[in-house]
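One structure is given here, and the rest of the page talks about it.
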């Protein structure tokens, strides 16, 4: 069985320590703040005592800017046979570690793709990583045993390992997380000066689009600063497409028919490419998009309506793959969209109608 | 009781006719396509026979480009005492009607903010507008009786009237619907060329952000063409903020400490303004944002899990304000986020834990 040192008992470190301890791993906790170690230990995530010998794995879960120095110090101390970290951006770090002359054979970069609204050991949960992707970024120097030890860590945490290079990782998280985050903020920003009556027309589209714009700005400044070059490149590509789109709209607004037709083509192309890109986003389970159709049901606002709806929908024996609740303007009523496999729509609709539900 | 002619028996026209007929209004249906009229009439939305005298209200529900000519012809014919339409963009139309010398005292622009994935009379539903905003755009010329008749139509359809000028309406829908739609497409477009492994890291953030990018391109070309100038202006404002953001990120990636600090300030300002704008988006009920907190529950993927969860959550007596289901990567399990009033979080969490649910 693995033995481990977890350095840095914040949200991520303590959650990993909890997951490992729950699976019987001997976990030793370290943090500059002795109170944080005591708190993490009191949750059952490990012991504050140092290990007697060399452990198998050191998980460096300190703030990203400190990873390099901490890793170098741990390797000098000879704490573990293998080392990994949990920083959200990997490329710059890999260079820093090289410059610090760390032993890169015994280190592998890691990024568990999970988080929570709160930070610190008290927000930790042993199941934080369950079902999440955990990226590992080996280099040509990485020892196979180091990779395998990290894979064991990922498996013990219940996460799904994804192996890729550091640069590819940073590009990927820039694309699917950092760039969209700033775009959501930019769209939400447009509402700050708008008239109240205009904002009152906001519906589910812009609400879903700007959900992540509600996140903590300081946390995101830190995340973005470590990947600023990549995100700037991605936003420049977006800016070029945006210019094309604005050109298309201006042409559409022209009086000349040929110009208008050209503008419409430009815009249709943007919308079609949007369709194509959207269709690539993985659905649930194994990452392959699946076709679902929505059954739309009108519900009241009483407690118990949703339970009654799911109980009745359950009688069809069909699995509800996703659910979305849309609220009505100025009313207590709403619409629930239940996603089910396309071939099951009629069955679910019939089952619900028989039980008195109003479909929409 | 009101009498009405509905001209154009597509989705919107037939749905309005159904809503009016359900409330006892005498509805006469007209369409260039006699089959569409027969279909709409067979649904119980009204009669294909012409009215014997002048009706109270004509609802013009033809494609946007045809509204001007149809309205002028109806007014020449003297079909109704008052006229309205349902086109999604109002400013250009108002100018067209003036140029066509329509009687602007007896006309009021309308825009019911509802739709469906399908079109045509067979997709119609009498409850399509229930709880939705229905914008009315009177001018200085509009007769008060015309406004009141339109308000009666909106009330009979179960919608919530919002009165604003045509230009303000077009700006508002540009802001909360048209501009975000193109932005979602532009972000989704960035995924078309990305590596599969990068796209596989896509999580709930980009999934929610790009949901509307899956819509029908042709339909949206039509919508955007009628409001192209307004949307282009909004996107240009966005482009300016985007440039500032790219500049901030480039500064953040610099080696100079002062530059980096300046870049971080620029980005933090964008994120904070995003917070502010996002907070203005109305929650449910009366348009005032309400503070909710999420209870996060781990669930399995068996049919019945959601019913069991809602039944158990219902025992707390607390109203579930919203629900979001997040799927795990490569797993059957998922997390359900239940939004409840902040003061009810502990009660719901205790109720669920007592019944064996794993909170997250």
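Throughout, read-outs are computed from the coordinates displayed, never taken from laboratory work. Note that the structure is a prediction, hence the values are computed from the model and not measured. No Cβ is skipped: glycine too gets one built from the backbone with ideal geometry, and neighbour counts run over all protein chains shown.
Table for the structure above
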quantity: Mean separation of Cα contacts under 8 Å, 6 or more apart, over the residue count of the range A:109-188: relative contact order %; calculated: 31 percent
quantity: Cα-based Rg and Dmax for the range A:38-136, where Dmax is the largest Cα-Cα distance (Å); calculated: 14.2, 37
quantity: Proxy reagent accessibility, fewest Cβ within 10 Å first, across B:335, B:231; calculated: B:335, B:231
quantity: Relative contact order %, the range A:3-164, counting alpha carbon pairs below 8 Å whose residues are six or more apart; calculated: 25 percent
quantity: Two-decimal Rg/Rh across the range B:172-270, once Rg and the Kirkwood Rh are taken from alpha-carbon atoms; calculated: 1.06
quantity: Helical mean residue ellipticity (222 nm; -39500 (n - 2.57) per DSSP H run of 4+; nearest 500) of chain B; calculated: -13500 deg cm²/dmol
quantity: Tail weight of P(r) past 25 Å, computed on alpha-carbon pairs of chain B, percent; calculated: 65 percent
quantity: C-alpha long axis of helix B:11-22 to longest principal axis of chain B, angle in °; calculated: 70 degrees
quantity: Label point 7 Å beyond Cα along the C-beta direction, distances from residue A:167 to other copies (nm, shortest first); calculated: 5.2
quantity: At 0.692 mPa s and 37 °C, Stokes diffusion of the range A:206-246 via Kirkwood alpha-carbon radius, µm² per second; calculated: 274 µm²/s
quantity: Over the range B:119-236 - Rg/Rh using Cα atoms and the Kirkwood inverse-distance radius; calculated: 1.08
quantity: Förster radius 60 Å - calculated FRET efficiency between residue A:35 and residue B:99, Cβ distance, rounded to 0.05; calculated: 0.20
quantity: Mean Cβ neighbour count within 10 Å, used as a protection proxy, ranking A:183-193, B:10-20, B:235-245 highest first; calculated: B:10-20, A:183-193, B:235-245
quantity: Fluctuation leader among A:197, A:105, A:218 - chain A, Gaussian network, Cα springs under 10 angstrom; calculated: A:197
quantity: P(r) of the protein assembly as shown over all Cα-Cα pairs, binned every 20 Å from zero, in whole percent; calculated: 16, 45, 29, 9, 1
quantity: Rounded to 5, percent antiparallel among DSSP beta bridges of the protein assembly as shown; calculated: 50 percent
quantity: For residue B:122, inter-copy label distances in nm, listed shortest first [label point 7 Å out on the Cα-Cβ vector]; calculated: 6.0
quantity: Chain B: antiparallel DSSP beta bridges as a percent of all, rounded to 5; calculated: 50 percent
quantity: Contact order relative to length of chain B, as percent, for alpha carbon pairs under 8 angstrom and 6 or more apart; calculated: 11 percent
quantity: Averaged over B:243-252, number of beta-carbon atoms from partner chains that fall within 10 Å; calculated: 6
quantity: Label spacing, shortest first and in nm, from residue B:77 to its equivalents in the remaining copies (7 angstrom along Cα→Cβ); calculated: 8.7
quantity: Förster radius 45 Å - calculated FRET efficiency between residue A:1 and residue B:259, Cβ distance, rounded to 0.05; calculated: 0.35
quantity: Computed over the range B:10-79, Cα set: Rg, Dmax in Å; calculated: 11.6, 31
quantity: Neighbour-count ranking [beta-carbon atoms within 10 angstrom, fewest first] of A:111, A:28; calculated: A:28, A:111
